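Accompanying notes for the structure given below.
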Amino acid sequence: MGSSSDQAPRAAGVSQFFRSPEGRRYARIAGWSLVAVAVVWYLALMASRMGVCAAGSDSSGYVNNARLLREGRLFADQRQLEGVNPQDLPWFTYVPLGFEPLHSVRPFNPADANKMVPTYPLGLSALFVAASVGSSLEAGMPVAMWVMLAASLFLTYRLARQCGLSPGWATAGMAMLAASPVFIGMSLQAMSDVPALCWTTLALVLALDSRERRWLAGLSGLAVAVAVFIRPSNVLVVLPLLWVFRFDWRRWLWLGLCGLPGAVVWMLTNKALFGRYIATGYGDVGQLFGWHNVLPVLRNYALSFPRVLPLCFLAVLGLGREARAESRAALAVAVTWVVLPLAFYAFYFHTQEAWWYLRFVLPAFPALIALALRGLRRVHGWISGGLAAGLRPVLARAAVAVVFAAGFFVQARAARSWDALEFGRGEKDYPKLAQLLERHAPANAVVFCMQTSGALYFAGPQILVRWDALEREQASRLYAAATRAGRPVYAAFFPFEVHDGCFKKLPGRWTQVANVRDKTIWRLDDAAGSMPETIELPSP
């Protein structure tokens, strides 16, 4: 065993080696190798937890739209029960979630009485179709979501670099986005929020890179067009580009040449779907926006952001001056893109409802992260400047590392407490329920449903009836028509539908025949019978 006098020179030699150029190079290689391993592990974990399928309203809407596009159609057909005049029933009787009756968005035409129009924008659905070329839609959709998930991380890194941050700081930005519960939860479903983040950030990154290669402004225009197809409000991303292009007419020309054709296609698609050039399947959403929503939304921002992106409040400190003109432009872009979505959705009713409704402002997260890291870097400078010269490097870095680790821990803990990684599992319950329905109910069955209606429409041929659109007398008429047509009657419910009183609108005696956790399938055994006051449901 060596003496302490032998170990001292060895320790000094090791320290000297890592301070040498060769030692620093080996340290960088080791560090980036660890980052690569962490990224691969994260992407593999996310791929294993994905549930990209027809599920609730949003996801089933996108998936059903994708199937229509793949078949070369824009409209879907209602599956109507014979023996009952559909005009004597509510408009949404046969319309699953994710669709609107065609005559609700344009003047009534008897030829279109059984047609439905998609509620949700077609951009994500088109990307699903593109990813499924040569394979099934079910196989292509997870690939599309996974690619956009991975691209979002690397684009966050790139935007942070453009904002003047070093590779190490930019890598920390990737980690912040990856750990956010909103990003995790929305990445695991067929939802438009992560794709919106991906394409708007790509538009910003390409625009900033076009300062050296003007033609990249054209690719930025294409990214803007795709982003608007995914979510029309993403058109706001054009405004930050004013800080980049300024009076450079060549780059504006590139942007217009490549972006305007997409705008024309978008308007023509709207005309074909809704009869107007500027329209969406959401209908009149003006009532969902208003000043009365601002305070509740700001309250949700204040309560949720400390858990979904804890260090975001350091963004205010990241607004210091930049010596390089390129970094100043990127900083202005980042600030503008943070303010616009946060301000726009502050007026929107749904943004106030829960933490995961911050998904609407998820496209602003990369820019917000870049500003927050600039603020943390500034804190590092203050700490370093207030210490003795010999203590500055170690203690300043240690303090910043503790702050970052604390923020990362808060995010990870919130993601765990909110079961963000289980969002995909919850989505998979829908196709499992559809498979059970196929096993228990024949193809000619009439199925009363609501929450599962979009998923069941995608999965099987049964006639679907929205129980929430009916009154008891109308349900009884549909029972009688089904009996005359030789069609058995079934139902598929989520627990909240049972608790909300679905059986008050659906008379008769129902028997539970199957379940996926707490989601249940029922069969109508006696239209004249009645249900017990207390209904037992399976545990989740």
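A few remarks follow.
- Taking the charge dipole of the stretch 83-190 about its Cα centre, with +1 at Lys and Arg Cβ atoms and -1 at Asp and Glu Cβ atoms, the residue from 137, 113, 166 reaching farthest to the positive side is 166.
- Using C-alpha pairs under 8 Å with a sequence gap of at least 6, the mean separation divided by the residue count of the chain gives a relative contact order of 18 percent.
- Shape category assigned to the stretch 276-327 from the gyration tensor of Cα positions, a/c cut at 1.5: oblate
- Proximity of backbone amide H atoms, modeled 1.01 Å from N, is registered between residue 465 and 447, 448, 449 at under 5 Å, excluding neighbours fewer than 5 places apart on the same chain.
- For the stretch 237-321, the spherically averaged projection of the C-alpha convex hull amounts to 9.4 nm².
- Take the Cα of residue 443, step 7 Å toward its Cβ, do the same at residue 517, and the gap between the two points is 3.1 nm.
- Note on the stretch 349-367 and the stretch 448-514: Cα centroid distance 34 Å, given to the nearest whole angstrom.
- The amide H of residue 514, built 1.01 Å from its N in the peptide plane, has 521 as neighbours under 5 Å, considering only residues 5 or more places off or on other chains.
- Ligands, DNA and RNA aside, residue 258 has an accessible area near 40 Å² when probed at 1.4 Å.
- Within the stretch 161-204: backbone nitrogen closer than 20 Å to the residue 409 label point (7 Å, Cα to C-beta): 172-173, 175-181
- Taking amide H as placed 1.01 Å from N in the peptide plane, the amide H of residue 531 sits under 5 Å from that of 508, each at least 5 places away or on another chain.
- Under 18 Å from residue 504, Cα to Cα: aspartates and glutamates that are on another chain or at least 8 residues apart: 468, 471, 473, 525, 526, 533, 536
- Convex hull (Cα only) mean projected area of the stretch 409-466, reported in nm² to one decimal: 4.6 nm²
- Protection proxy ranking, highest mean first, for peptides 165-173, 224-232: 224-232, 165-173, where packing is the per-residue count of other beta-carbon atoms within 10 Å, averaged.
- Estimated dipole of the chain in Debye, rounded to 20 [Cβ of Lys and Arg +1, of Asp and Glu -1, Cα centre]: 2060 debye
- Difference of contour (0.36 nm per residue) and Cα-Cα distance, residue 113 to residue 537: 148.9 nm
- Remark on the chain: ratio of C-alpha radius of gyration to 2.2 N^0.38 Å is 1.14.
- Centre-to-centre, using Cα atoms only, the stretch 216-271 and the stretch 26-67 are separated by 27 Å.
- The share of accessible area on the stretch 77-182 that comes from carbon and sulfur is 62 percent, using a 1.4 angstrom probe.
- Measure of compaction for the stretch 59-156 (Cα Rg per 2.2 N^0.38 Å): 1.32
- The chain - share of DSSP beta bridges that are antiparallel (%, nearest 5): 70 percent
- Ranking 410, 421, 524 by how far each Cα lies toward the positive end of the dipole of the chain (charges on Cβ) leaves 410 at the top.
- Each label point was placed 7 Å from the Cα along the Cα-to-Cβ direction; for residue 499 and residue 154 their separation is 4.4 nm.
- ³J(HN,Hα), Karplus 6.51/-1.76/1.60, whole Hz, each residue of the stretch 260-265, x for Gly, Pro: 5, x, x, 5, 5, 4
- Couplings 3J(HN,Hα) of the stretch 480-485, computed from phi: 5, 5, 5, 5, 4, 8 Hz, in residue order, whole Hz [Karplus 6.51 cos²θ - 1.76 cosθ + 1.60, θ = phi - 60°; x for Gly and Pro].
- The packing ranking, built from the mean of other Cβ atoms within 10 Å per residue, places the peptides 58-67, 292-301 in the order 58-67, 292-301, highest first.
- Report note on the peptides 363-370, 114-121, 424-431: ranked by the mean count of other C-beta atoms within 10 Å, highest first, their order is 363-370, 114-121, 424-431.
- The Cα center of the stretch 178-211 and the Cα center of the stretch 77-146 differ in position by 26 Å.
- Positive-end ranking of 535, 208, 194 along the dipole of the chain, with charges on Cβ about the Cα centre, is headed by 208.
- Couplings for the stretch 112-128, taken from phi via the Karplus curve 6.51 cos²θ - 1.76 cosθ + 1.60 with θ = phi - 60°, read 9, 5, 10, 9, 10, 10, x, 6, 9, x, 8, x, 5, 4, 5, 5, 4 Hz in order; Gly and Pro are left as x.
The values are calculated or read from the model by the stated rules, or taken from the named source; none is laboratory data. The model shown is predicted, which means the values in this text are computed figures rather than measured ones. Cβ sites come from the backbone with ideal geometry, for glycine too, and all protein chains shown count toward neighbours. With ligands, DNA and RNA removed, areas are computed over all heavy atoms of the protein, side chains included. Shrake-Rupley method; radii C 1.70, N 1.55, O 1.52, S 1.80 Å.
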